[in-house]
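Below: the structure, in structure tokens.
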Amino acid sequence: MVPILGYVADLASALIWALAAVAYRPLIISHGSLRVNLVRLTYAALAALGPAVYLGLARPLGDLYAAASGVITLSVGDTLYLMAIGAAGVSVAAPTAYSYVVMSQFVAIALGEPLSIYRLIAAGLTVVGVYLVFKGKGGTRRARGILYAIGTAGAWTAGQALIGLSYSVGLSPISIAFMRAASAALAVTTVAAIGLGPSQLPPSFSALSRTYLPLVAAADLALGSALFAYAIGVVGFAPAVIVNSATPLFAQASAWALGAESPGPSEFAGAALIALSVALTVL
């Protein structure tokens, strides 16, 4: 395989995830983060159902790990991420949430991996980066968005660790994707039915299905993830993570270029520091 194709795929996945975050915000503002996440997860699960059945789901322990990962990462983490985007915008939510890569390194240390100077520097850069993002305008909404994004990072850190356990017992990547999306959709449906009322779900689903959300969800949860997995296979995990850490910067640039947001110097500087901290953690 040609390494350059891996890097192209990696950059493409980062750009897809950045543009998806920008595209979600108007829908979040008009429909709410819970409804948006419910519809995006449902379409992702339906897209993966056929291939998952063909490749097999008969790995009870792997199914359990994947389902738990989905509930933690996609229902809790992604709902918080969408709430952060709605409250503070992509320019704030994306760089803060992507600090989960740094958090995951310290979880690895707690599990017995050695502590390196790069991880300590990365932790310091992350703190400074989040502070710079916090400094911008926005008051209470910005502060609330940052708290949601920090919660996102914590949930993503906990949930991503379970994916490796699913792989280790023989569950295929597409089956893992289905179990994660399906379990998360079920969890979000339950919460939405309790919080919004069962009668609110069909109209919300119908309204959002007529928007661009299904297309964006497919690009975000299917195409973007597949491109990133391909990049890891071609160039390796560490280089892929380093290149993909450009996602927050792409998100800010996309929001600015599309006229959706106007990130200032402190937001760009904060995102750059967090991107650098992510790159340092894999050295």
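Only the coordinates and a few stated rules stand behind these numbers; no lab work does. Worth saying up front: this structure is predicted, and the values here are computed from it rather than measured. Neighbour counts are summed over all protein chains in view; Cβ atoms, including those assigned to glycine, are modelled from backbone coordinates with ideal geometry.
Here are the numbers for the structure shown:
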read-out	value
The chain: relative contact order in percent, alpha carbon pairs under 8 Å with at least 6 residues between	42 percent
Reciprocal of mean inverse Cα separation for the range 81-163 (Kirkwood radius, Å)	13.1 Å
Burial ordering of Arg141, Arg35, Arg119, fewest other beta-carbon atoms within 10 Å first	Arg141, Arg119, Arg35
Cα centroid of the range 202-280 to Cα centroid of the range 42-74, whole Å	23 Å
Two-decimal log10 I(q)/I(0) for the chain, as the Debye equation yields it once each C-alpha is a single scatterer, q = 0.13, 0.17 Å⁻¹	-0.87, -1.51
Helical contribution to [θ] at 222 nm, DSSP H n ≥ 4, -39,500 (n - 2.57), averaged over the chain, rounded to 500	-26000 deg cm²/dmol
